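Notes follow the structure.
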Amino acid sequence: MVGVTWFDAQAFAEWIGGSLPTEAQWERAARGTHARMYPWGNAPPKARRHANFARRYNKTTPVGQFSEGFSPNGIADLAGNVWEWCLDEYDPALYSQDSNKTTRNPLNLRFRDILRARVIRGGAWDVGSAFLRSSLRFKYYPLDSTHTIGFRVVRPSPEIKK
């Protein structure tokens, strides 16, 4: 789904028992434990193999269409197709702050300002390959929406009954 505000995306996520991913969760899903440059590895992206980008199709494509673009955990479309909302407020210096160098899964909700920019990750169908790097992050305002921003939901794993 595209064209939703950050508030729309978070409301839907909460409605189904989850939330938007934190920026750190999103990056871990995309980079794996080996800090890959792209979800599929360190090789540059190739259209029609790894992701939907550079206006190849001039629109979004069905999830999972690019068989060589999956992350190490089997997650599809973490690069290209649509930018994805993250839970965090945007702070350009978040990862350079001393307090976050030892913090696992830092979450930036320091200001708790509903109008403060939020993080988007992943690139979209209308950007070049340089925007698909898993470490790349941008900001977008939570009351705005566009046809190139969507979201995914993080939900707790169901408990296994013994």
Quiz item: What label, among (i) 11, 40, 32, 14, 3, 0; (ii) 11, 39, 36, 13, 1; (iii) 11, 35, 29, 16, 8, 1, belongs to P(r) over Cα pairs in 10 Å bins from 0, in percent computed from the structure on display?
Solution: (ii)
Quiz prompt | Dipole magnitude of the chain about its Cα centre (Cβ charges: Lys, Arg +1; Asp, Glu -1), debye to nearest 20 | solution = 520
Quiz item: If you build a Gaussian network model of the chain, linking Cα atoms that sit under 10 Å apart, which residue out of Tyr90, Tyr140, Tyr57 swings the most?
Solution: Tyr57
Exercise. Sort out for me the Cα centre separation of region 125-161 from region 52-75, rounded to whole Å.
Key: 13
Practice problem: Determine the relative contact order of the chain: mean sequence separation of Cα pairs under 8 Å and six or more apart, normalised by residue count, in whole percent. | Solution: 34
Quiz item: Tell me, what HN-Hα J-couplings in whole Hz come from the Karplus equation 6.51 cos²θ - 1.76 cosθ + 1.60 at θ = phi - 60° for each residue of region 43-50, using x for Gly and Pro?
Solution: 6, x, x, 10, 4, 6, 10, 9
Quiz item: Calculated from DSSP H runs of 4 or more alone, at -39500 (n - 2.57) each and per residue, what is the 222 nm mean residue ellipticity of the chain, nearest 500?
Solution: -3500 deg cm²/dmol
Self-check item: Long-range amide H partners of Phe138 with built H, under 5 Å
Solution: Ile120
Self-check item: Considering only the chain, percent of DSSP beta bridges that pair antiparallel, nearest 5
Solution: 75
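Every read-out reported here was derived from the displayed coordinates using simple, explicitly stated rules and does not represent laboratory data. Quick caveat: nothing in here was measured; it's all calculated off a predicted structure. Here Cβ is always computed from backbone atoms with ideal geometry, including for glycine, and neighbour counts include all displayed protein chains.
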